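> Sharing a structure below in structure tokens format, with a few things to ask.
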Amino acid sequence: MLDVRSRAEQAREKKAALGADIDLSKYSFAEVSHPYLQDLRQMPPEDREQMLNAGVDANEVDRSGTFIQKDSAVLYSKSRQEGLEIYPVKEALEKLPWVEDYYGKLVAPETDKYTAAAELSLQNGYLIRALPEASVSMPVQSCLYLDRDGMAQTVHNIVICEEGSELHVITGCATSPHLRNGLHLGITEFYIKKNAKLSFTMIHNWAKNMAVRPRSVGVVEEGGLFLNNYICMKPVKSLQMYPTTYLRGPGATARFYSILLGHPGSELDVGGRIILEADKTRAEIISRAITNGGTIVARGDLVGEKAGIKAHLECKGLILKGGVIHAIPELKGKAEGVEMSHEAAVGKIAAEEIQYLQSRGLSEEEATSTIVRGFMSVDIPGLPKKLKAKIDQAVAQSEKEMM
Amino acid sequence: MLTIEDLQVKIGDQVILSHIDLELKPGETHVLFGPNGSGKTSLLMTIMGYPGYKVTHGKIAFKGQDITHTPIHERAGLGIGMAYQRPPSIAGLKTRQMVQICAQAKGGRKVDPEVLAREVKFERFLDRDINVGFSGGEIKRSELLQLMAQDADLMMFDEPESGVDLENITLVGETIAKLLQRGAPRAKKSENEPTVKERLINRTKMGLIISHTGFILDYLTVDKAQVLYNGVLSCKNNPGEILKCIGEFGYEECVKCLM
Ligand SMILES: Nc1ncnc2c1ncn2[C@@H]1O[C@H](COP(=O)(O)OP(=O)(O)OP(=O)(O)O)[C@@H](O)[C@H]1O
Ligand SMILES: [Mg+2]
């Protein structure tokens, strides 16, 4: 831990490689306390509703566990299933010596001023762990919730899937309806061990003036699978993230899916980077970006280091009502025999598609929203149906704002 | 009834159809012949209401209503439907959803996509994105499936048999015959079934079929055949006679001799 702090110290002023530079002095990093909830249903109704939008069900129906952090305070942290461990990360660091072997090992604290600030003023975060061979079929839900105006929320999360385990996490980030201005700095480290499977679905519901800088890195060992879904349909002032995953063991697979909506005044710079280091690894990055006035940079970067790897990148953008979409797909093959491809397209809805649907009875508006819905509905093989439904729901909620 | 009077249609500044007169009574089906580029698809697209096909003269009426300038979806609502030659594909829209959309075209009709799909051997395509990666023959069956759900009163088929293999041609032919209430007469299975004559009288669906080969005529009888040549509807006659003439003398001669 000392090492993490001293490394973070060095990067206090270090600007990030991408995204607008944020003046951290404008935000309060002071802790805000909230009482721990014995029962999730004690939550005030308006908080509850916001969390529900981000995928968190206060009744914990079909959930294997829950973690909720409001501002800097952990409100609730509980596993409801054997083989599944959920801790506030600070508690884990105190009680479980082995956590040191994971903490800060993937996301370097000196990456930029945001990782530095997160480590130096760490509030909390979660540790979610599936024990070896545990099959946690119901998702764990987590929510990082920002309520205090002008506050900087800092979290460090760790997700560990031990060998042969299966884990699904749905994590929502949300703000209370009255919050106008805030900053979220989040570090997340993913460890997917041999033959383990993790699906991680993140739904962001920020506010108009929020700045958001998540930093995440994952490692997938032999035969492991990492499904990473990201949905951001609500306005946000400035969001920049470039999660990276290393496929370290033979036959490891990572698939990233993202669905982004750029509102007027929003700037989203979202990418995904997968490094295929081992034999027979597979990677896929699929993104759908829609703007109705915002700016979206959709990045994707695949690095193939071994012959026989397969990787595909697909970046599609739709400009509905003004705005900018900048697709930047990158492929780097470092060995003979890599199989890598990409597909990028930015455009508007084709008139002939609208007319085709009109000839099946839909009005022009109905046809347009049907096409947009189709555009955003990507098949995510391996994702439980209920989680897919959550994604579709999050997307559908913003449909009106899009048109 | 569909009535087209002295229709002129332009794409951009170019006249592609002129002096088109056509009348299709309830229960009637016509077949439309014509060489490539003669304007057959354009005529169907114009009837469907595609704004790129500008009506610069004449009028189109359907069920007694002037629809010359009615938007596409309202025509669909009135009961006009079309099986396209080259429909666009829509990523993310499942064929199953498309079938449900079609079923709503004329107001809330309830359909079971599985049951309809089975009729055109299309069950395993229901969960695929509409037309995405469909082969030529699959497109034809997908279009038929949509029309089956739509239950339109005027059905237009743009080359329904082209690109369809020998096995599926029967399926396509019989499906169209059924849609147009022109299935081959068969022995009565029960007392309540209509007689051939009753069926003829009760026939209401209108059909307009574009064909190059006339193979479709092996599966259903049509009332009239017409030839579209250089944007003009040139002759109306018995389909067999016209086909024979085109085969022997070619379109140009054929149009002359029958005019
Ligand atoms: N969008 C367009 N822009 C310019 N010309 C067009 C357009 N659509 C059709 N045309 C022209 O109009 C004419 C008629 O085309 P149409 O598709 O109606 O022919 P068709 O009789 O259906 O031919 P085919 O038997 O090959 O299907 C052709 O010369 C074609 O090139
Ligand atoms: Mg044609």
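The values are calculated or read from the model by the stated rules, or taken from the named source; none is laboratory data. The structure presented is a predicted model; accordingly, all values stated were derived computationally and were not measured. Don't worry about glycine lacking a Cβ; one is built from the backbone with ideal geometry, like all the others, and counts go over all protein chains shown. Accessible surface is based on the protein model in full, side chains and every heavy atom, while ligands, DNA and RNA are left aside. Shrake-Rupley method; radii C 1.70, N 1.55, O 1.52, S 1.80 Å.
> With Rg and the Kirkwood Rh both taken from Cα atoms, where does Rg over Rh land for the stretch A:160-248?
Taking Rh as the inverse mean 1/r over Cα pairs, Rg/Rh reads 1.06.
> For the stretch A:68-126 and the stretch A:317-340, what is the separation of their Cα centres, given in Å?
33 Å
> How are the Cα pair distances of the stretch A:289-384 distributed, in percent, across 5 Å bins from 0?
Using 5 Å bins, I get a P(r) of 3, 12, 16, 16, 16, 14, 11, 6, 4, 2, 0 for the stretch A:289-384.
> Might you report the magnitude of the Cβ-based charge dipole of the stretch A:349-403 about its Cα centre, with Lys and Arg at +1 and Asp and Glu at -1, to the nearest 20 debye?
Roughly 460 debye, rounded to the nearest 20.
> How many percent of the alpha carbon pairs in the stretch B:58-168 exceed a separation of 25 Å?
Within the stretch B:58-168, distances greater than 25 Å cover 22 percent of Cα pairs.
> Still on this structure: When you count, for each residue, the other Cβ atoms within 10 Å and take the mean per peptide, how do A:142-150, A:228-236 rank with the highest first?
The densest-packed peptide leads the list: A:228-236, A:142-150.
> Quick check: convex hull of the Cα atoms in the stretch A:68-223, volume per residue, rounded to a whole Å³?
So the per-residue hull volume is 105 Å³.
> Relative to the compact globular guide of 2.2 N^0.38 Å, what is the alpha carbon radius of gyration of the stretch B:43-86, as a ratio?
After normalising by residue count via 2.2 N^0.38 Å, the value is 1.08.
> Ok, one more. Specify the longest stretch of chain B that does not include any exposed loop site, a site being one of the trypsin sites (Lys or Arg not before Pro) with a non-H, G, I, E, B DSSP assignment and at most 11 other Cβ atoms within 10 Å.
Of all site-free stretches, the longest is B:1-109.
> For the stretch A:349-403, what size does the Cα cloud have along each of its three principal axes, sorted from largest down, in whole Å?
35, 23, 17
> Over the Cα atoms of chain B, how large are the radius of gyration and the largest Cα-Cα distance (Dmax), in Å?
18.1, 59
> Ok, one more. Is the C-alpha gyration tensor of the stretch A:1-48 telling us rounded, prolate or oblate? Criteria: a/c under 1.5 is rounded; beyond that, a/b larger than b/c is prolate, otherwise oblate.
prolate
> I'd like the chymotrypsin sites (Phe, Trp or Tyr not before Pro) in the stretch A:1-90 restricted to DSSP loop residues with at most 16 other Cβ atoms within 10 Å, sorted by number.
Of the chymotrypsin sites (Phe, Trp or Tyr not before Pro), the ones in loops of the stretch A:1-90 whose Cβ has at most 16 other Cβ atoms within 10 Å are A:Tyr36.
> So what are the ³J(HN,Hα) numbers for the stretch B:102-117, from phi and the Karplus equation (6.51, -1.76, 1.60; θ = phi - 60°), rounded to whole Hz, Gly and Pro as x?
For the stretch B:102-117, the Karplus curve yields 4, 5, 8, 3, 9, x, x, 9, 9, 10, 10, x, 4, 5, 5, 4 Hz.
> Over the Cα atoms of chain A, what is the Rg over Rh ratio if Rh follows Kirkwood?
Rounded to two decimals, Rg over Rh is 0.95.
> If one takes the accessible area of chain A alone plus chain B alone and subtracts that of the pair, with a 1.4 Å probe, what total in Å², rounded to the nearest 100, results?
The summed interface area works out to 1700 Å².
> Across peptide A:346-359, what mean number of C-beta atoms from other chains lies inside 10 Å of a residue's C-beta?
Mean shielding by partner chains, rounded to a whole number: 6.
> Going Cα to Cα from A:Lys385, which lysines come in below 19 Å? Please leave out same-chain ones fewer than 8 positions away.
A:Lys197, B:Lys94
> In the structure displayed, which of A:Lys14/A:Lys400; B:Lys121/B:Lys244; A:Lys280/A:Lys348; A:Lys280/B:Lys121; A:Lys194/A:Lys386; A:Lys306/A:Lys348 lie more than 30 Å apart, Cα to Cα?
A:Lys14/A:Lys400; B:Lys121/B:Lys244; A:Lys280/A:Lys348; A:Lys280/B:Lys121; A:Lys306/A:Lys348, as the Cα separations exceed 30 Å there.
> Using a 1.4 angstrom probe on heavy atoms only, work out the carbon and sulfur share of the accessible area of the stretch B:5-117 in %.
48 percent
> OK, next. Could you name every residue in the stretch B:99-129 that has 40 Å² or more less accessible surface in the full protein assembly than in its own chain alone (probe 1.4 Å, ligands and nucleic acids excluded)?
B:Ile101
> Find, among the GluC sites (Glu not before Pro) in the stretch A:1-39, those assigned to loop by DSSP (not H, G, I, E, B) with at most 10 other beta-carbon atoms within 10 angstrom.
A:Glu13
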